[in-house]
Structures are given as structure tokens and as C-alpha cells.
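A short worksheet on the structure shown next.
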Amino acid sequence: MFVQDNHSKFEARRFKGSAFSKGGRCITTMFLYMYYKVKYNMCGMEVISFRIPKELKKSIKEVDINWSEEVRRFIEDKVREYKRGKALEKIDSMLKNVPPSEKGTASRYVREDRDRN
């Protein structure tokens with residue numbers, strides 16, 4: 001889907017029907033759209049920043065590692081771990097309200113199920 005903003009509409013009118021247009025869409029308009037998408041970070045990614053000691057920054061520059069990918073993966077793992085912990089807490093709180101079953105209940109249910117088939 002091609003999205004236009006006010007600036008790209010102006011450019012589209014300016015070059016409409018000229019050698020720069022292709023299939024009714026102006027190449028300049030497409031370029032402007034892509035430029036704004038990158039400039040205003042509309043690619044589905046957000047920017048975060050944090051402070052680190054100077055010595056660590058120097059050490060980081062010495063190592064050939066894609067740090068943005070490493071940090072992204074670390075954050076994803078931490079978020080996944082946090083959500084898992086929250087889900088377990090929720091399950092534990094729900095199970096507190098369930099009375100304990102009698103000993104042998106599970107084996108009895110399995111036996112009944114096997115006997116039916």
C-alpha cells in the first residue's frame with residue numbers, strides 16, 4: 001500500500017504525467033515516502049538509549065560484535081522470561097483456590113479413559 005502525506009501530494013502534482021511518473025505514481029513521491037519513513041523511524045523499530053562507563057565504551061569499540069542485535073536479543077529474552085514468570089505467578093494464584101485432589105486420582109482417571117477405548 002502506498003501512503004502519501006502532504007509533501008508527497010505536492011510532489012505528485014508537480015511531476016504528474018512527466019517522465020518521472022510511473023504508473024500514475026511519481027517516483028519522487030515514492031522516494032519522499034521512503035525518506036520520511038526512514039527519517040521518522042516508521043519501520044516498526046523504536047530507539048532507546050542508556051549510559052555506560054567510558055571504559056566499557058572503549059572496550060565495546062575494540063570488539064567486532066553487532067551490539068544492537070545482541071542487546072535486542074538480550075532484551076527479548078528478558079521480556080520473555082518476565083512474562084513467563086508472571087504467567088507462573090498467575091497460575092500459582094489460581095491453583096491456591098483449587099482444593100487438593102485425593103491420592104491416586106490421576107491414575108484412576110487414566111485407567112477410566114483407557115478402559116473406555
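Each reported figure results from applying straightforward, stated rules to the coordinates on display, with no laboratory input. Computed from a prediction, not measured in an experiment: that's the story for all the values here. FYI the Cβ positions are ideal-geometry reconstructions off the backbone, even for glycines, and counts take in every protein chain you see.
Brief remarks follow.
- Packing-based exposure ordering (other Cβ within 10 Å, fewest first) of Arg80, Arg72: Arg80, Arg72
- Scalar couplings 3J(HN,Hα) for segment 99-107, obtained by applying the Karplus form with A = 6.51, B = -1.76, C = 1.60 to θ = phi - 60°, are x, x, 8, 6, 5, x, 5, 4, 5 Hz; x denotes Gly and Pro.
- Loop-located chymotrypsin sites (Phe, Trp or Tyr not before Pro) in segment 42-117 (DSSP state other than H, G, I, E, B) with a sparse environment of at most 11 neighbouring Cβ atoms within 10 Å: Phe50.
- In plain terms, the residue of Ser68, Ser49 with the fewest other Cβ atoms within 10 Å comes first and the most crowded comes last, giving Ser49, Ser68.
- Arranged from fewest to most other beta-carbon atoms within 10 Å of their beta carbon, Ile91, Ile48 become Ile48, Ile91.
- As an equivalent ellipsoid, segment 48-99 spans semi-axes of 39, 11, 8 angstrom, where each value is the square root of five times an eigenvalue of the C-alpha gyration tensor, largest first.
- Candidates per GluC sites (Glu not before Pro) in segment 52-115, loop by DSSP, up to 11 other Cβ within 10 Å: Glu102
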